[in-house]
Amino acid sequence: MSLANLTSDPNLALAMSIAKSTGELLLDRPSDLGIQTKSTATDVVTLMDQRAEAFIVGELTKHRPEDAILGEEGANKPGSSGMQWVIDPIDGTVNYLHKVPHWCVSIGLKDENSGQALAGVVYVPILDQMYISSRGLGAWVIEPSGTRKLQVSECNELSQALMGTGFGYASSRRASQARVLQQVLPKVADIRRLGSCAVDLCLVAEGVLDGYYERGVNAWDHAAGELIAREAGAVSSGLFGNQIGEDMIVVTTPAIHAELIAILETHNADKD
Ligand code: IPD
Ligand code: CA
């Protein structure tokens with residue numbers, strides 16, 4: 001499978017171009033970020049999240065007027081084509097605010113009838129890294145030093161795994177995530193909380209992290225990154241035979257998936 005196959009997908013090419021322009025918009029930070037809060041006092045949104053989402057929605061509407069759009073900052077446009085764009089203008093808003101480099105623009109495309117992810121782009125502006133995938137065609141990263149096909153790590157022992165995770169914004173949710181973390185941490189090599197679900201998933205695809213799990217992420221957080229990770233060889237599921245969703249997402253190398261799932265199920269990690 002070659003990169004040319006992938007970039008000849010017009011949907012992917014469109015998402016790549018919009019993600020790159022959105023990244024440029026976001027790198028031009030105003031001195032006043034216009035910070036507001038959403039679900040809790042720690043769930044922040046900046047003027048730039050809103051500007052970036054408006055830009056992406058405008059571009060998608062111009063080029064794909066019949067497609068539906070769902071976005072983190074409120075976009076919810078119905079469509080008639082059976083295709084839905086699922087966008088997170090900044091995944092890792094707290095990192096963006098604090099100038100930690102792990103934040104990205106995430107744009108996924110799914111088939112509304114089957115629910116299947118068709119294409120995904122995760123762009124990390126600070127590092128100029130563009131992670132891309134189209135269903136069935138593999139996953140790649142295009143970065144200043146060149147282009148690489150992505151492949152998950154060969155990690156086959158949970159005790160050797162570097163595991164990503166994340167925490168929600170509600171204090172009660174965090175308390176239960178801490179309870180689960182107490183069970184996982186002694187059984188893995190170490191834990192990373194990098195602050196962006198979409199970037200975490202791309203790092204699993206790249207073999208930097210060996211796995212990632214989190215309770216409470218939304219469709220826009222993982223729409224693109226989960227496809228990228230799966231196309232790079234990761235196994236992805238929820239708990240108790242469920243599909244990935246708000247309750248739980250677990251994405252790891254094939255060999256460690258069942259063992260991690262068993263720990264998470266034993267401790268009811270999909271419940272608060
Ligand atoms: C958050 C990030 C974070 C994850 C949270 C998400 P946001 O998205 O992906 O890593 O732990 O669950 O809500 O708020 O930065 O777009
Ligand atoms: Ca997000």
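So the values come out like this:
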quantity: The stretch 158-266 - percent of accessible surface contributed by carbon and sulfur, probe 1.4 Å; calculated: 50 percent
quantity: When the stretch 55-138 is reduced to its Cα atoms, the Kirkwood hydrodynamic radius in Å; calculated: 13.6 Å
quantity: Diffusion constant of the stretch 158-266 at 10 °C, which comes from Stokes-Einstein with the Kirkwood Cα-pair radius and 1.306 mPa s, µm²/s; calculated: 118 µm²/s
quantity: Cα Rg over Rh - the stretch 56-95, Kirkwood; calculated: 1.03
quantity: Solvent-accessible surface (1.4 angstrom probe) belonging to Arg148, in square angstrom, nearest 10; calculated: 90 Å²
quantity: The stretch 200-272, relative contact order [Cα under 8 Å, separation at least 6], %; calculated: 33 percent
quantity: For the chain, accessible area per residue (1.4 Å probe, heavy atoms of protein chains only), Å²; calculated: 42 Å²
quantity: From the C-alpha gyration tensor of the stretch 8-74, square roots of 5λ in Å; calculated: 25, 15, 9
quantity: Unit charges on C-beta of K, R, D, E only; dipole of the chain, Debye; calculated: 200 debye
quantity: Convex hull volume per residue for the stretch 200-249, taking Cα atoms only, in Å³; calculated: 64 Å³
quantity: In Å, descending, principal axis extents of the Cα set of the stretch 3-149; calculated: 41, 40, 24
quantity: Over the chain, relative contact order from alpha-carbon pairs under 8 Å, at least 6 apart, %; calculated: 16 percent
quantity: Cross-link pairs Lys99/Lys149; Lys187/Lys271; Lys77/Lys110; Lys20/Lys149 - those with Cα-Cα distance over 24 Å; calculated: Lys99/Lys149
quantity: Percent of C-alpha pairs per 10 Å bin, the chain, short to long; calculated: 7, 32, 36, 21, 3, 0
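The values are calculated or read from the model by the stated rules, or taken from the named source; none is laboratory data. Bear in mind the structure is a predicted one, so any value in this text is a computation, not a measurement. Reconstructed Cβ throughout: ideal geometry from the backbone, glycine too, with neighbour counts over all protein chains shown. Calculation scope for accessible area: heavy atoms of the full protein, side chains included, ligands and nucleic acids excluded. Shrake-Rupley method; radii C 1.70, N 1.55, O 1.52, S 1.80 Å.
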